[in-house]
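Undergrad: Pasting a structure here, questions to come.
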Amino acid sequence: MTSPSALRISDEPAAVPRPLVVVSDPDLLDELLRLCGAAGTPPVVATDPAALARAWPAASVVLISAELASAVAGLPRRRRVIVVGAAADPLWDVAVDVGADHVAVLPSAGGWLVGLLSAPAIAAAEPCPVLCVIGGQGGGGATTLAIALSRCASATGIETLLIDADPFGGGVDLALGMESASGDRWSQLLGPAIGVQETAGFLDRLPSRQGLRLLASDRDNPELVSDAAMSAALTVARSRCGLVVVDLPRSLDPASRVALAAAGCVYVVVPAQVRAVAAAAQLITALRGPAREIQAVVRGPAPSGLSLDAITRSLGVPLAGAVRAEPNITRDYERGVPPGQPRGPLKRLCAELLGRRDDLRATPEVAA
């Protein structure tokens, strides 16, 4: 075991920027030193405030544990900060506080971390945005919007990952007509035998079609998604994809909270009905803790003439957009034809929502 006190930081600037490790737990420190060694990038270890302040600006990557987040509170915000630790640690909360780019749950994200440390281009890349979609009421149309957003993004050349976070929702792959597509599901990623390197490369084993990758549940073996698995999946996906869309269940389980904390925006899909609006308002109250930005997508028609202004006042969140019902969607689902066809109000809404974002990027040319 390596003692942090045995690692000294030099006042001389390094010829080549090195990773900065801000960790006090000896077991976690040993693991990070092992990973840095595997990547061929010897780190600087600093927990003393003066040493930390000297190393902070020039470090190629900063790896910081949740327990030492307060140590960087007074330092200027910077890119390429990664919060590291175990699944039980409050990693995503800390990541929001320190403005981190990524979270790495160890040991599952070890292979991804080695790849990142080995390739400066990965470390320098901005993490791609995460959009969450959730139904304000059961059957409100959240899955339809999540699929349409994903298809719209991938059709414009943005490599997109659609994550199905509801193991008992029937399967987004079925809604996409991809139920027979070969590739891994959540059950493979959650399996106890999966190793670090396999986690890092899971994106390449997922079902895909025209730039859209899909992480869905296995209907024959449905399992609850753990927060650690969701964190690992998001960490890898955000470094390689251009957009991640998460179709959330209404249960707000630990995995959902991880996705919500990572999301740049959460779209709550609300049918224009009095009871649906009341249910959505209750859900939004619960979302305000883990979610940074919440917007409503209203789905018509409004049988009682409920106006958009009345709905948004009741919900207390901005209106992202409204869309009228497309009568053919239900029929198309039964035939395996996914929503978000080349023409129609849903496609136009998705194009508008994606067009407002300036954080979407073309697929990064990076190999895990």
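Undergrad: Once amide H atoms are built 1.01 Å from N in the peptide plane, which residues 5 or more positions from Val269, or in another chain, come under 5 Å H to H?
TA: The answer is Ile134, Gly135, Gly136, Val297.
Undergrad: What accessible area per residue, rounded to a whole number of Å², is obtained for the stretch 9-92 using a probe radius of 1.4 Å?
TA: Ligands and nucleic acids excluded, the result is 47 Å² per residue.
Undergrad: Rounded to a whole number, what % of the accessible area of the stretch 144-288 do carbon and sulfur atoms account for, probe 1.4 Å?
TA: Carbon plus sulfur share of accessible area: 49 percent.
Undergrad: Still on this structure, please answer the following. Enumerate the amide H contacts of Arg80 below 5 Å, restricted to partners 5 or more residues apart or on another chain; note that Pro and chain-start residues carry no placed amide H.
TA: Amide H neighbours of Arg80, under 5 Å, 5+ apart: Asp101.
Undergrad: Related question: What is the spin-label model distance, in nm, from Asp93 to Arg77 if the labels are put 7 Å beyond Cα along the C-beta direction?
TA: So the label points at Asp93 and Arg77 sit 2.1 nm apart.
The values are calculated or read from the model by the stated rules, or taken from the named source; none is laboratory data. What you see is a predicted model; the values in this text were computed from it and never measured. Note that we place each Cβ from the backbone using ideal geometry, even for glycine, and neighbour counts take in every protein chain shown. The area values use the complete protein model at the heavy-atom level, side chains included, leaving out ligands, DNA and RNA. Shrake-Rupley method; radii C 1.70, N 1.55, O 1.52, S 1.80 Å.
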